[in-house]
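What follows is a single structure, written as structure tokens, with notes after it.
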Amino acid sequence: MTSEFDTLALRTGIHRSQFGEHSEAMYLTSSFVFENAAQAAARFAGDVEGNIYSRFTNPTVSAFQERLAALEGAEACVATASGMSAILAMAMATLKAGDHVLCSASVFGATVQLFSSIMSKFGVHTTFVQGSSVAAWESALCKDTKLLFVETPSNPLTEIADIGALAAVAKRAGALLAVDNCFCTPALQKPLELGADLVIHSATKYLDGQGRVLGGAVLGRRQVTDSVYAFLRTAGPTLSPFNAWVLLKGLETLRIRMQAQSQAALQLAQWLERRRGIERVYYPGLPSHPQHALAQKQQRLGGAVVSFDVKGGRDAAWRVIDATRMISITANLGDTKTTITHPASTTHGRISAEARKAAGIGEGLLRVAVGLEAPSDIQADLECGLS
Ligand SMILES: Cc1ncc(COP(=O)(O)O)c(C=O)c1O
């Protein structure tokens, strides 16, 4: 089979049923029937392959796993009910009480909560470090460090971490490096090729691309993903076949969407940088971005998320949001419809003010996830609140 991205995105994971359907079949069934009792026993014992129950495996979910694994260049993929359940399953499968985690400070708010409030209850302790400083990761290592977790570009400030350098740090420490590849997707960045051990996805975002369903995935070597699968099979946060089917369709247009949305995001970032009333624009494709050179080396394009600080703090930021007429005021991102949010009071509202400050998320910060509308209409909508 070809290794061209677009072809893999359309043609991998197709296993036609006896009906010869062209579009992938959706297997909406909670369980599978056996020919007889002996076959049921053999499947449960793992002596013969075959589906048992959709918490374990489902053909539509397997098709999605196969396709995403091909796109990320991963040996194996395990799909989950959401991005957060992907991070939880990965953590539960790879960590135990007494282990230590290093996590970049600028990550999605629920990821901070998961490591700081939930995993800590089970004796797994986390140190948050500045993602873009390799020295900070190195100096925070300790003998119990088993996992380095990084989001690059980060949500919402698009901070970039050097995946290759962090992979080397993790390797020396005998730890795993997991990269949340939500903002770039494999269309723009392939962490496993850069040396990461695991890739995490919130498939809810660009993999779906149209804001329809929740989903997630953990990808990497089968040896590790097998233990993620074992956790899921027992604990249950698996992907539904319906959502897997929607995501399969999303993957078909992934590269084209990422390219068009990244180009529109760059235009918007350049326009914002020239605009009065803006203190700072965060976009990896801008030469003013502190890790612009690294982003150019590690990513094909800058991605579709642009964040910016408006002068005047929360009041001014909320005025920009409230003046929009087209852009959707919603916390999701990765949609073909442009969305806007105020991270300090929404996606990152539950983390402490100190953690927000450490991550650089101020009261005047806005995050725009650029969609496929005409760039001039997106600019005009933001212009209302900025002028
Ligand atoms: C970077 C990143 N990782 C993980 C998640 C969690 O994904 P989900 O909402 O699918 O659980 C999000 C959600 O916004 C995210 O932005």
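Any read-out appearing in this document is the output of simple, stated calculations on the displayed coordinates, not a laboratory observation. Remember, it's a predicted structure, so these values are computed and weren't measured experimentally. Neighbour counts run over all protein chains shown; Cβ positions are idealised from the backbone, glycine included.
Here are the numbers:
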{"read-out": "From the C-alpha gyration tensor of the range 198-311, square roots of 5λ in Å", "value": "34, 17, 13"}
{"read-out": "Cα point-scatterer Debye curve for the chain, base-10 log of I(q)/I(0) at q = 0.07, 0.12 Å⁻¹", "value": "-0.32, -0.91"}
{"read-out": "Protection proxy ranking, peptides 84-92, 122-130, average beta carbon neighbours within 10 Å, highest first", "value": "84-92, 122-130"}
{"read-out": "Karplus 3J(HN,Hα) series, Hz, for the range 350-359 with 6.51 cos²θ - 1.76 cosθ + 1.60 (x for Gly, Pro)", "value": "8, 7, 5, 4, 5, 5, 5, 5, 4, 7"}
{"read-out": "Overall dimensions of the range 1-83 by Cα: Rg and Dmax, Å", "value": "14.6, 44"}
{"read-out": "Pairs from LYS249/LYS297; LYS143/LYS171; LYS146/LYS205 whose Cα-Cα separation, in the structure shown, is over 18 Å", "value": "LYS249/LYS297; LYS146/LYS205"}
{"read-out": "Largest-first principal axis extents of the Cα set of the range 67-189 (Å)", "value": "36, 30, 28"}
{"read-out": "Translational D in µm²/s for the range 159-214 (Stokes-Einstein at 4 °C, 1.567 mPa s, Kirkwood Rh from C-alpha pairs)", "value": "108 µm²/s"}
{"read-out": "In Å, descending, principal axis extents of the Cα set of the range 248-362", "value": "39, 31, 29"}
{"read-out": "DSSP-defined beta bridges in the chain - what % are antiparallel, rounded to 5", "value": "55 percent"}
{"read-out": "Helix axis angle, 313-323 relative to the chain longest principal axis, alpha carbon, degrees", "value": "70 degrees"}
{"read-out": "Packing-based ranking, highest mean first, of 23-35, 313-325 given that Cβ atoms within 10 Å are counted", "value": "313-325, 23-35"}
{"read-out": "Ranked packing of 275-284, 105-114, most packed first, by mean Cβ within 10 Å", "value": "105-114, 275-284"}
{"read-out": "From the C-alpha gyration tensor of the range 1-141, square roots of 5λ in Å", "value": "37, 22, 13"}
{"read-out": "Kirkwood-based shape ratio for the range 145-186, expressed as Rg/Rh from alpha carbons", "value": "1.00"}
{"read-out": "Spatial extent of the range 304-387: Rg and Dmax, with the Cα atoms as the point set, Å", "value": "12.5, 38"}
{"read-out": "Range of Cα positions in the range 51-129 per principal axis (Å), largest first", "value": "38, 26, 21"}
{"read-out": "Radius of gyration and maximum dimension Dmax of the range 124-254, Cα, Å", "value": "15.5, 45"}
{"read-out": "Helix axis angle, 83-94 relative to the chain longest principal axis, alpha carbon, degrees", "value": "60 degrees"}
